[in-house]
Amino acid sequence: MKSTIEELGPTRVRMAIEVPWGDLDHAFGEVYKELGKQVRVPGFRPGKVPNRVLDQRIGRPVVLEQVVQHAIPEVYSEVVRENQVRVLGQPEIEVTRLDDNDTLAFTAEVDVAPQLELPSLENLAVTVDDVEVTDEEIDQQVSVMRERFGMLTGVERAAEDGDFVSIDLEATLNGEVLEDGSTTGMSYEVGSGNLMEGLDDAVRGLSADESKTFQTALLSGPNSGESADVTVTVRSVKTKDLPELDDEFAQTASEFDTLAELRDDVRTRLARTKTLGQGAQARDKLVEHLIEAVEVPVPENLVEREIEWRNRAFEQELQQAGMDWDAFLSISGVESREVYEADQRKTVEEAVRTQFILDAIADAREVTVDNDDLSAQIMAQAQRSRMSPEQYAQQLQQGGNIQEFVADVRRTKTLAQLLEETTITDASGNVVDLEALRPRTIQAPTADDDDDEDADDEVAEEAAAVEATEGATENTEDAGKA
């Protein structure tokens, strides 16, 4: 077998491959075997029809066509493997010669990972924000805790902002009641603005058993975007009584005896969160530096495939939510679909560039992935997905995503090594200790974890610190699968 590889550009090659007829014996055998099971010829048992009879019965051109279809994928894969070509996606195949009993020749054009010229990775340095916890931030966190322990008390007056009301809603369009736009006994905080436009204005001033009708645009369902008449009826009005912020509250809401101790603990937690944020910021700034320092040609086909895949997946999500693009753009505040797609393209291109850079660095440093690396990453991802490590690993296997998962772990490990070698200072000039950013060992979830919101938040933050390249690699599935 002869093969030559021609570079068509920094990210695309054409392989010209010639296969001697003798190398097609295996393909002929498989094709004749399958045809022998399908074709019925009088005088011959199934599977015992001679090859020459099959040629006559079916036609030699048909046999050759099936042999070519069977042989080309195997031959192509062998050439890619022998030449260590890092292909991206599926090739475009063209048969250029098919001489019976002589030669099969074809070309394969395919996108490939670019060869990158890496700069010196010594003396890397990034600057991150200072860790500063303000009294206002502590007050906000304590207020959230205080809200959790508030008691609702019924009042005999009209609803005001901050009240909690029980309401019935009935939406009508062209005089017909919309079932998916009607509900009863819904609890709603007046002034929160998180349900539908116009509701707060309608509810304010209503007492129990009073109603008001207003118009609002439907955000979901088959009539999304149309204006419907919505009648809201208030069934009850309640006010939230908050506990006093004193030592008694601290004892009720936490394990601390005094409010001062509780506030100190909140300060410590916020500082830890911001310290982890320094690690994430250092990671992002290091990636930005690498993208600026390394020229990375991006295969346009790879970007287009990724964008197409993401759009299909997102449109399915919109359909499941009963929304269209106009409703999504209105809710998200994005100016237009063109703006959304431009931002999406930029995100995908940066993700692809980051992947190529980290792969090139990993190759240069001969970074390998062992079982401990895989186990740690599976543990972190499983915790964030709220499933057991066994379930997450099974999900990877069933989805056929093992190969790209291993590649992502390798990139994560590579970036983690770079971060360890990078000098990180905060805005005040203080050196940030990477050991302080290193998350503690993440344990498998237990039955008690579901009731511990603080523990969940803590584990999620630490898992995010472990997954240093998640944002840079998770959106490049086509390249990973290739």
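Each reported figure results from applying straightforward, stated rules to the coordinates on display, with no laboratory input. Note that this is a predicted model, so its numbers are computed, not measured. Cβ sites come from the backbone with ideal geometry, for glycine too, and all protein chains shown count toward neighbours.
Figures for the structure shown
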read-out: Relative compactness, the range 180-263, computed as alpha-carbon Rg over 2.2 N^0.38 Å; value: 1.63
read-out: For the range 142-219 versus the range 363-423, the gap between their alpha-carbon centres in whole angstrom; value: 46 Å
read-out: Longest segment of the chain lacking chymotrypsin sites (Phe, Trp or Tyr not before Pro) that sit in a DSSP loop with at most 16 other Cβ atoms within 10 Å; value: 257-482
read-out: Dimensionless Rg/Rh of the range 219-259 - Kirkwood Rh, Rg from C-alpha atoms; value: 1.45
read-out: Partner aspartates and glutamates for LYS238 [C-alpha distance under 19 Å; skip if fewer than 8 residues away on the same chain]; value: GLU147, GLU156, GLU160, ASP161, ASP163, ASP168, GLU189, ASP200, ASP201, ASP209, GLU210
read-out: Exceeding the 32 Å Cα-Cα cut-off - candidates LYS2/LYS48; LYS2/LYS413; LYS346/LYS413; value: LYS2/LYS48; LYS2/LYS413
read-out: Qualifying GluC sites (Glu not before Pro) for the range 91-193 [loop in DSSP, other Cβ within 10 Å: at most 15]; value: GLU117, GLU122, GLU132, GLU156, GLU160
read-out: Rounded D (µm²/s) - the range 62-204, Kirkwood Rh over Cα pairs, Stokes-Einstein at 10 °C, 1.306 mPa s; value: 65 µm²/s
read-out: GluC sites (Glu not before Pro) within the range 343-383: DSSP coil, no more than 15 neighbouring Cβ in 10 Å; value: GLU366
read-out: Expected-Rg normalisation [2.2 N^0.38 Å, Cα atoms] applied to the chain; value: 1.37
read-out: Radius, Kirkwood style, for the range 2-112 when every pair of distinct Cα atoms is counted (Å); value: 15.4 Å
read-out: Set of aspartates and glutamates near LYS37 by C-alpha distance (under 15 Å), chain-local residues within fewer than 8 positions excluded; value: ASP55
read-out: Estimated inter-spin distance, GLU65 and GLU136, nm [label 7 Å along Cα→Cβ]; value: 7.4 nm
read-out: Alpha carbon convex hull of the range 296-416, volume per residue in cubic angstrom; value: 147 Å³
read-out: Relative contact order of the chain, defined on C-alpha pairs under 8 angstrom at six or more residues apart (%); value: 16 percent
read-out: Span from the the range 244-302 Cα centroid across to the the range 319-344 one, whole angstrom; value: 30 Å
read-out: Cβ-defined net charge surrounding GLU94, 10 Å radius [Lys, Arg +1; Asp, Glu -1]; value: -1
read-out: Along the chain, longest interval not containing exposed trypsin sites (Lys or Arg not before Pro), exposed being DSSP loop plus at most 14 other Cβ atoms within 10 Å; value: 158-385
read-out: Calculated FRET value between GLN344 and SER385, using beta carbons and R₀ = 22 Å, to 0.05; value: 0.40
read-out: Considering only the chain, percent of DSSP beta bridges that pair antiparallel, nearest 5; value: 95 percent
read-out: Pair THR4, HIS26: separation of 7 Å Cα→Cβ label points (nm); value: 2.6 nm
